[in-house]
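Here the structure comes first, spelled out in structure tokens, and everything after it is commentary.
The values are calculated or read from the model by the stated rules, or taken from the named source; none is laboratory data. Since we're looking at a predicted model, the values are computed, not measured. As a convention, Cβ positions derive from the backbone with ideal geometry for all residues, glycine included, and neighbour counts pool all protein chains shown.
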Protein chains: 2
Amino acid sequence: MHTVIMAGGSGTRFWPFSRKYRPKQFLDITGHGPMIVETCDRLAPIARDEEIIIVLGDEHLGEAQKLFSDRKVRIVAEPVGRNTAPCIGLGAIYARHLGCERAIAFLPADHFISDRSGFLRALEYAGTISENGGIVTLGIVPTRPETGYGYIRRSRSYSDSSGYSVYEVSNFEEKPDYNKAIQYMQSGEHYWNAGIFVATADTILKEIRQYIPDLYKGLMIIEEGLKKGSFDEDLKRVYEGLRSVSFDYGIMEKTKTPLFVVPCDCGWSDVGSWESLYQLRSADYDKANNLSDGDTILIDSRNSFVSGTRGKFIACLGIDNLIVIDTDDALLVANMGRSQEIRKIVEHLTDKDKRELL
Amino acid sequence: MHTVIMAGGSGTRFWPFSRKYRPKQFLDITGHGPMIVETCDRLAPIARDEEIIIVLGDEHLGEAQKLFSDRKVRIVAEPVGRNTAPCIGLGAIYARHLGCERAIAFLPADHFISDRSGFLRALEYAGTISENGGIVTLGIVPTRPETGYGYIRRSRSYSDSSGYSVYEVSNFEEKPDYNKAIQYMQSGEHYWNAGIFVATADTILKEIRQYIPDLYKGLMIIEEGLKKGSFDEDLKRVYEGLRSVSFDYGIMEKTKTPLFVVPCDCGWSDVGSWESLYQLRSADYDKANNLSDGDTILIDSRNSFVSGTRGKFIACLGIDNLIVIDTDDALLVANMGRSQEIRKIVEHLTDKDKRELL
């Protein structure tokens, strides 16, 4: 199965550990190696390296080439970031160029999944469905009333003889408030939108032609370049001029093509914040629910995540519900519940032009 | 006026800033330079450098010699620490050796005093009293119901024509609980015991002879060494064998000699913890009562003390009532109210034999 791994993000949520040139997907956040490598490894039973296409930002090309120096994954560098629609279109024409006429899985490079086989089963099943046309999303079964994600609402069941569940999509829901999130969880009809979906290249490109025609034109020039051997130049020339638009907004919310959702309960996390990483690693907690990496001592402290670096001793006394992340040149001390707001610090650093810390 | 500055402490309360070989008295804690230098400078109007005797631990001799390389203060190094009674006795024989027959002020090296002239006035007045015999303590007028200090209770007023207040000491009180501390503050009869007192060398040595005779014998050998020019050797030989005993316990609580207290309201602080330093530096607070040194940003944070070092950026988000002290090799994150318990961390480091952090 061909897969397109979207690795274009330059997230700020793991500052000070993540930086502009070392975003989350290249970090060993969960203890299993760089997330982008883990994402590729996870796919091994269903996708050979040659079938994996990684789309990333030009500034991270060197890092990726180092990580995958002895592997046959395909790496495509966007000259500039233009949101997800161009990225997905680029992945689709690249897969088609590789001879792929069947389903392609599109997935982010920096998610965590604990139940690998459950995940791959859902992905393969979504592939089978999508080859009859339409776009098939994976819907993550909610485990808490999360207000930080968008939701997919299912409508009627799509009959199938395989015994798997698949539903037509009723609609996509914005990030809800807490009360709505509780309703969503109880309804049994709502799933987290993990940004993982499956479709053929032809379906993707047909949709782009209809709803974002200027992007389609650009992609056709690039595809022509792939055939003629002028891919790099054409990509550079065309990409700069593309409009920044997300696949969700540009296609998913407008399309008339059938949309399906395959429910998936695979221990998924987007690892979207220090708090979410802390929750994910609950197996590593001490008796007072502290998670600590490095040379630390925690006295009368609880519910905290303390991470140090080599050569620095960290002592905590009487703390509760804190994140303490120390790196060589920057230290973060934050209330656990505020870890979504770390961008405020990055904004401050941007304002002050402290590039060395970004 | 001769003064003996007691600088033997190797306090752990300012860990990780203070270390075994760099205790509080040698640190610039308050922003006015090393506390021991500040203490000497404060005395300038009443004591010439030649009249100042600093008694400190052998391990800090080099540091002190560096700090006072261009000054004429006398520095006496104890070969080993033996608590305050031997230290005070040593200061007394050294002052007597310098020809001092009048009052000597004994004071710690690491206290903060905001009203210098008020403090010196009280000290000089205590000197006058003490030259008629007895020991005269300075009693700090309480400004809060402090449970961390011992108290001096006054009895009747000692008549004097100068217009100054001086009282006989009724007794010394242990560190009180909170309710008692409130009573003490309201009584108007209780003062904080700051460990500052004035007496002649003859008074001190007479008391030592009576209550700690073995110490007296040792001191006489050392005094003989001062006269004969074998001071260093005699000091080394004798000191090791001395009993560790505090002046408060060994003399003050037992003596029949008259004890007086001169009230003093001079903005005194023993700067005994990170919290007490934080309180002392209230003039440097931001609008949310944060105190920060170094390259920091505090977002939605309050009542916190954040101190960094050169080359490290510290970002705080949503914190309250915290102490964050970063040094090159150790980081402390503590609840403000727990700063008295920092010794627990030092004990842990001692147990683990992490000498490089002590």
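Within segment B:12-34, how many residues turn out to be at positive phi and at pLDDT below 85? Selection size over segment B:12-34: 1.
Among the aromatic types (Phe, Trp, Tyr), surrounded by fewer than 16 Cβ atoms within 10 Å (Cβ to Cβ) and farther than 30 Å from A:GLU101 by Cα - does that describe any residue in segment A:137-160? No - not one qualifying residue is present in segment A:137-160. The criterion of at least 2 residues that are at the interface with chain B (Cβ under 9 Å from one of its Cβ atoms) is met, among strands (runs of 3 or more DSSP E) falling completely within segment A:281-358, by A:295-299, A:313-317, A:322-326, A:330-335.
The set of residues in segment A:77-92 being buried (at least 18 other Cβ atoms within 10 Å of the Cβ) and among the β-branched types (Val, Ile, Thr) consists of A:THR84, A:ILE88. Within segment A:147-161, does at least one residue satisfy the condition of being in contact (Cβ under 8 Å) with a residue 40 or more places away in the chain and over 25 Å from A:SER273 (Cβ atoms)? Within segment A:147-161, one or more residues are in contact (Cβ under 8 Å) with a residue 40 or more places away in the chain and over 25 Å from A:SER273 (Cβ atoms). Of the residues making up segment B:286-306, at least one is aromatic (Phe, Trp, Tyr) and either crowded, with 20+ Cβ neighbours inside 10 Å or in contact with a Cys (Cβ under 9 Å, 6 or more places away or on another chain) (or both). In segment B:65-76, the residues that are farther than 17 Å from B:HIS2 by Cα form Cβ pairs under 6 Å with partners that are surrounded by 18 or more Cβ atoms within 10 Å (Cβ to Cβ) and of a type in the set (A, V, I, L, M), at six or more places apart or across chains, as follows: B:LEU67/B:VAL37. Of all positions in segment B:250-258, none carries a residue that is within 7 Å of chain A (Cβ to nearest Cβ), of a type in the set (Val, Ile, Thr) and within 28 Å of B:TYR149 (Cβ to Cβ).
Can you spot a residue in segment B:90-98 that is at pLDDT below 95, of a type in the set (Gly, Ala, Ser), under 17 Å from the mean Cα position of the chain (by Cα) and assigned by TED's automatic domain parsing to the domain that holds B:LEU215?
Looking for residues that are at pLDDT below 95, of a type in the set (Gly, Ala, Ser), under 17 Å from the mean Cα position of the chain (by Cα) and assigned by TED's automatic domain parsing to the domain that holds B:LEU215, one finds none in segment B:90-98, hence no.
Residues checked against (1) more than 21 Å from the chain's Cα centre (by Cα); (2) assigned to a strand (DSSP E or B):
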| residue | (1), (2) |
| --- | --- |
| B:SER117 | no, no |
| B:ALA122 | no, no |
| B:THR137 | no, yes |
| B:GLU146 | no, no |
| B:TYR149 | no, no |
| B:ARG153 | no, yes |
| B:GLU168 | yes, yes |
| B:PHE172 | no, yes |
| B:ASN179 | yes, no |
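Does B:ARG302 satisfy the criteria of being modelled with pLDDT of 95 or more, basic (Lys, Arg) and out of contact with any helix residue (DSSP H, G or I) (no Cβ under 7 Å at 6 or more places or on another chain)? Criteria met by B:ARG302.
Among the conditions (1) more than 30 Å from B:GLY311 (Cβ to Cβ); (2) in contact with a strand residue (DSSP E or B) (Cβ under 9 Å, 6 or more places away or on another chain); (3) modelled with pLDDT of 95 or more; (4) of a type in the set (Gly, Ala, Ser), B:ALA288 misses just one, which is (1).
Output the residues belonging to segment B:6-22 that are away from chain A (no Cβ under 14 Å) and out of contact with any strand residue (DSSP E or B) (no Cβ under 8 Å at 6 or more places or on another chain). The answer is B:GLY11, B:LYS20, B:TYR21, B:ARG22. Annotation note: of B:ILE182, B:ILE152, the sole residue that is modelled with pLDDT of 95 or more and in contact with a strand residue (DSSP E or B) (Cβ under 9 Å, 6 or more places away or on another chain) is B:ILE152.
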